[in-house]
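The values are calculated or read from the model by the stated rules, or taken from the named source; none is laboratory data. The structure presented is a predicted model; accordingly, all values stated were derived computationally and were not measured. Here the Cβ positions follow ideal geometry from the backbone for every residue, glycine too, while neighbour counts run over all protein chains shown.
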Amino acid sequence: MKEKLPVKIPDIVIILLALGLTMFSWFTVYAKRSGLTQVLIQGPGHSWVFPLDTEETVRVRGVLGGDTVVRISGGKVWAESSPCSNQLCVNTGHISADSRWAWAACLPNNVLFLIEGSNDREQIDSITR
């Protein structure tokens with residue numbers, strides 16, 4: 001007759017650690033992460049980060065001395081107003097995570113805003129289209 005081997009506490013700990021490491025490895029490799037798409041706004045000496053799904057208005061004091069007003073709403077970002085003379089940043093319109101260009105800038109006022117962190121791994125980036 002065979003004797004049963006006693007299971008000891010160190011054996012249980014090793015088995016649980018092995019299972020935990022296996023589960024952690026599986027989630028790291030195979031689980032799709034839901035990345036947070038964010039808006040990064042940069043001005044002279046300051047930067048802000050907001051989730052893309054927020055409702056926010058940011059006034060960025062630029063090098064021209066006036067404020068570039070950047071608006072985030074409905075998953076889109078745009079410059080509402082700017083003190084620059086050419087108003088290219090305002091005329092750029094709305095950018096979103098699926099726009100051809102996910103950034104815009106007011107170069108005269110030294111203000112940049114961009115969308116980063118899109119987690120769609122299947123999407124081809126705009127440069128390779």
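Quick notes on this structure:
- Checked against the criterion of being among the hydrophobic types (A, V, I, L, M, F, W, C) and closer than 20 Å to residue 117 by Cα, segment 74-94 has at least one qualifying residue.
- Counting only residues that are modelled with pLDDT of 95 or more and at positive phi, segment 64-81 holds 0 of them.
- Within segment 82-129, considering residues that are exposed (fewer than 11 other Cβ atoms within 10 Å of the Cβ) and of a type in the set (A, V, I, L, M), the one modelled with the highest pLDDT: 127
- Near pairs, Cβ below 7 angstrom, 6+ apart or cross-chain, from segment 37-59 (farther than 12 Å from residue 116 by Cβ and assigned to a loop (DSSP other than H, G, I, E, B)) to any residue that is of a type in the set (Val, Ile, Thr) and modelled with pLDDT of 90 or more: 44/63; 54/72; 55/72
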